[in-house]
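A.B. asks: Handing you a structure now.
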Amino acid sequence: MAQSFRELTAWQRAMQLTLAVYRLTQGIPREEQYGLTNQIRRAVVSIPSNIAEGQGRSSAGEFRQFLGIARGSNCDVQTQLEIARALNFGDPKLIDEAEALSNEVRKMLFGILDSLGRQETENRQLRTAN
C-alpha cells in the first residue's frame with residue numbers, strides 16, 4: 001500500500017479531473033455560477049479529498065468507506081457533465097476530457113475497492129485457519 005495518498009494513481013488522476021473541471025466551468029455562463037458550476041466543482045473536489053482522507057485513516061474498512069464516497073462524487077460529476085453537455089454549457093472538448101478522466105478514476109476506484117475486498121477475505125480466511 002502507498003505510504004502517501006500522493007502516490008496513489010487514483011488520487012493523481014482525480015486531481016487531473018479536478019483541474020479539467022475547473023477549466024471547463026470557466027466557460028459556463030455566469031448565471032450558473034451558483035448552480036451547475038458550484039455543484040460540479042464541489043463534487044469534483046470531493047473525489048481526491050476523500051481518496052486522501054481514506055488513505056490517511058487507520059483501517060482498510062475506513063479507506064473503503066471513503067473510496068465509496070469518492071465513487072459517489074464521481075457519479076455526481078458524470079451526471080453534471082451530461083447536464084452541461086445537454087445545455088451546451090462549456091467547451092465540448094473539455095467535457096470530453098473531463099468525462100474520460102472521470103471514467104478512468106471510476107475504474108481505478110473499483111479496482112482499489114476490489115483489491116481491498118480480496119485482502120479482507122484472505123485475512124479472514126487466514127484467521128479462521130489458525
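A.B. asks: In the range 23-81, which residues are within 25 Å of residue 95 (Cβ to Cβ) and among the acidic types (Asp, Glu)?
C.D. replies: 31, 32, 76
A.B. asks: Output the number of the condition that residue 32 fails; it satisfies all remaining conditions of (1) crowded, with 16+ Cβ neighbours inside 10 Å; (2) at pLDDT 95 or above.
C.D. replies: For residue 32, the failing item is (2).
A.B. asks: Keeping to the range 3-33, report how many residues are within 17 Å of residue 105 (Cα to Cα) and either of a type outside the set (S, T, N, Q) or in contact with a Lys or Arg (Cβ under 8 Å, 6 or more places away or on another chain) (or both).
C.D. replies: Within the range 3-33, the first condition is being within 17 Å of residue 105 (Cα to Cα), and the residues that meet it are 5-22.
Within this subset, residues satisfying the condition of being either of a type outside the set (S, T, N, Q) or in contact with a Lys or Arg (Cβ under 8 Å, 6 or more places away or on another chain) (or both) are 5-8, 10-15, 17, 19-22.
Residues in the range 3-33 being within 17 Å of residue 105 (Cα to Cα) and either of a type outside the set (S, T, N, Q) or in contact with a Lys or Arg (Cβ under 8 Å, 6 or more places away or on another chain) (or both): 15 in total.
A.B. asks: Can we say residue 122 is out of contact with any Asp or Glu (no Cβ under 9 Å at 6 or more places or on another chain), more than 15 Å from residue 14 (Cα to Cα), surrounded by 13 or more Cβ atoms within 10 Å (Cβ to Cβ) and at pLDDT below 95? Write out each step before concluding.
C.D. replies: On the way: out of contact with any Asp or Glu (no Cβ under 9 Å at 6 or more places or on another chain): yes; more than 15 Å from residue 14 (Cα to Cα): yes; surrounded by 13 or more Cβ atoms within 10 Å (Cβ to Cβ): no; at pLDDT below 95: yes.
Here the answer is no, as residue 122 does not meet what is asked.
A.B. asks: Identify all residues within the range 17-27 that are part of a helix (DSSP H, G or I) and of a type outside the set (D, E, K, R); write none if there are none.
C.D. replies: The initial filter retains those residues of the range 17-27 that are part of a helix (DSSP H, G or I), namely 17-25.
The answer is 17, 18, 19, 20, 21, 22, 24, 25.
A.B. asks: What are the residue pairs meeting all of these: first residue in the range 85-109, first residue more than 15 Å from residue 71 (Cβ to Cβ), second residue modelled with pLDDT under 95 and outside any helix (DSSP H, G or I), Cβ atoms under 8 Å, and 6 or more apart or on different chains?
C.D. replies: From residues that are more than 15 Å from residue 71 (Cβ to Cβ), the pairs are 89/27; 89/28; 89/29; 90/27; 90/28; 91/27; 94/27.
A.B. asks: Residue check: is residue 80 assigned to a helix (DSSP H, G or I), among the polar types (S, T, N, Q) and over 25 Å from residue 119 (Cβ atoms)? Can you show your working first?
C.D. replies: Working: assigned to a helix (DSSP H, G or I): yes; among the polar types (S, T, N, Q): yes; over 25 Å from residue 119 (Cβ atoms): yes.
Yes, satisfied.
A.B. asks: Looking only at the range 11-45, which residues are small (Gly, Ala, Ser) and out of contact with any Gly (no Cβ under 8 Å at 6 or more places or on another chain)? Please lay out each step first, then the result.
C.D. replies: Narrowing the range 11-45 to residues small (Gly, Ala, Ser): 14, 20, 27, 35, 43.
Passing the criteria: 14, 20, 35, 43.
A.B. asks: Being more than 21 Å from residue 117 (Cβ to Cβ), part of a helix (DSSP H, G or I) and among the small types (Gly, Ala, Ser) narrows it down to one residue among 70, 14, 43; which is it? Please lay out each step first, then the result.
C.D. replies: Numbers: 70 fails: more than 21 Å from residue 117 (Cβ to Cβ); 14 fails: more than 21 Å from residue 117 (Cβ to Cβ).
None of the others qualify; the one that does is 43.
Yes/no matrix, rows are residues, columns are (1) closer than 30 Å to residue 3 by Cβ; (2) surrounded by 16 or more Cβ atoms within 10 Å (Cβ to Cβ); (3) over 16 Å from the mean Cα position of the chain (by Cα):
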{"residue": "42", "(1), (2), (3)": "yes, no, no"}
{"residue": "58", "(1), (2), (3)": "yes, no, yes"}
{"residue": "66", "(1), (2), (3)": "yes, yes, no"}
{"residue": "87", "(1), (2), (3)": "no, no, yes"}
{"residue": "111", "(1), (2), (3)": "yes, no, no"}
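The values are calculated or read from the model by the stated rules, or taken from the named source; none is laboratory data. Please read these numbers as outputs of a predicted model, since none were measured by experiment. Backbone-built Cβ (ideal geometry, glycine too); neighbour counts: all protein chains shown.
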